[in-house]
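Single-structure report; data block below.
The values are calculated or read from the model by the stated rules, or taken from the named source; none is laboratory data. Keep in mind it's a predicted model, so treat the numbers as computed, not measured. Note that we place each Cβ from the backbone using ideal geometry, even for glycine, and neighbour counts take in every protein chain shown. Just so you know, the surface numbers come from the protein's heavy atoms only, side chains and all, with ligands and any DNA or RNA stripped out. Shrake-Rupley method; radii C 1.70, N 1.55, O 1.52, S 1.80 Å.
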Amino acid sequence: MLHNIKIAPSLLSSDFANLQTEMERCNQSQVELIHVDVMDGHFVPNITIGPLIVSAIKPYAKAPLDCHLMIKNPDKYIPDFAKAGADLISVHVEGEIHLHRTINMIKDCGAKAGVALNPATPLEYAYEIAEFVDFILLMSVNPGFGGQKFIPSFLRRCATLRKFLDKNNLQNVEIEVDGGIKKDNLEEVLKTGASMIVSGSGLFSGDFYNNVNDFRKIIDNFQKKTISV
Ligand code: DX5
Ligand code: ZN
């Protein structure tokens, strides 16, 4: 199955003093998702956004809000994020969480459900839950900060996961990539089967509109090539 490739700017690298303007820039450039990084200072060393900010930006966002929960005990906060306007919610498989329960909770709240894996977490952690989720977020950096270097093992991991999903009749499950995605590595990432492309510093550093256009051109070229093969 060919998934629509979606660009998801990560707000972590945006101007937090002007989030309404940042939403308008996302709307104008017609990105398909807006990635919201939620960090609690426990699961990752950093602290960022809570449901209050999600509900504040929601009225200005045309694209669905993709909330990446890098937090301990996500069950406690999922209903709040859903109420605040999260359209997609992903939780990490690491830590003591009861994944099926958590995934059901996300779906019961009306959001699309995803699981996220750190770069050193075995892919097998995703296999048991894959049939229950809408997408799998494969981290290509260790979560916590923007602007980190892409970890190349992602390429092998993503290709392996895509094969597993396709073989097991789970073609509809998408793969999201997050961390260190820039113009110069986007094409090789697309080749491995990721269809939800998160980028923070790659889009917000420099001219946002130009960066989104450049990403789009790379995606269009890639799609033309794959269709003509
Ligand atoms: C990292 C976050 C990412 C981050 C990506 O913990 O999950 O979404 O914002 O930033 P870049 O694209 O700059 O690596
Ligand atoms: Zn993220």
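From the residues in region 131-146 that are more than 16 Å from ligand 1 (Cβ to nearest atom) and under 16 Å from the mean Cα position of the chain (by Cα), which one is surrounded by the most Cβ atoms within 10 Å (Cβ to Cβ)? The extreme case among them is 133. Entry remark, region 1-55: residues being closer than 20 Å to residue 186 by Cβ and either more than 13 Å from ligand 2 (Cβ to nearest atom) or assigned to a helix (DSSP H, G or I) (or both) number 15 in total.
Does region 219-229 hold any residues that are at pLDDT 95 or above and surrounded by fewer than 19 Cβ atoms within 10 Å (Cβ to Cβ), and which are they? Passing the criteria: 220, 221, 222. A residue that is modelled with pLDDT under 95, in contact with a strand residue (DSSP E or B) (Cβ under 7 Å, 6 or more places away or on another chain) and open to solvent by 10 Å² or more (accessible area, probe 1.4 Å) occurs somewhere in region 1-14. For region 136-159, the tally of residues that are outside any helix (DSSP H, G or I) and among the small types (Gly, Ala, Ser) stands at 4.
Filtering region 66-77 to residues that are out of contact with any Pro (no Cβ under 9 Å at 6 or more places or on another chain), touching a residue at least 24 places away in the same chain (Cβ under 8 Å) and either assigned to a loop (DSSP other than H, G, I, E, B) or surrounded by fewer than 24 Cβ atoms within 10 Å (Cβ to Cβ) (or both) leaves 71, 72, 73, 74, 75.
With respect to residue 39, is the statement that it is more than 30 Å from residue 169 (Cβ to Cβ) and within 11 Å of ligand 1 (Cβ to nearest atom) true? Here the answer is yes, as residue 39 does meet what is asked. Just so you know, in region 85-129 the residues that are of a type in the set (D, E, K, R) and either more than 28 Å from residue 58 (Cα to Cα) or in a helix (DSSP H, G or I) (or both) include one that is modelled with the lowest pLDDT, and it is 96. Return the residues of region 147-200 that are surrounded by fewer than 16 Cβ atoms within 10 Å (Cβ to Cβ), over 19 Å from residue 131 (Cβ atoms) and among the basic types (Lys, Arg); say none if nothing qualifies. 149, 156, 183, 191 - these are the residues of region 147-200 that are surrounded by fewer than 16 Cβ atoms within 10 Å (Cβ to Cβ), over 19 Å from residue 131 (Cβ atoms) and among the basic types (Lys, Arg).
Residue 34 - would you say it is of a type in the set (A, V, I, L, M, F, W, C) and either buried (at least 17 other Cβ atoms within 10 Å of the Cβ) or under 26 Å from residue 4 (Cβ atoms) (or both)? Show your work before the answer.
Working: of a type in the set (A, V, I, L, M, F, W, C): yes; either buried (at least 17 other Cβ atoms within 10 Å of the Cβ) or under 26 Å from residue 4 (Cβ atoms) (or both): yes.
In short, yes.
Screening residue 84 with (1) away from ligand 1 (no atom under 16 Å from the Cβ); (2) under 25 Å from residue 142 (Cβ atoms); (3) in contact with a Leu (Cβ under 8 Å, 6 or more places away or on another chain) gives one miss only, at (2).
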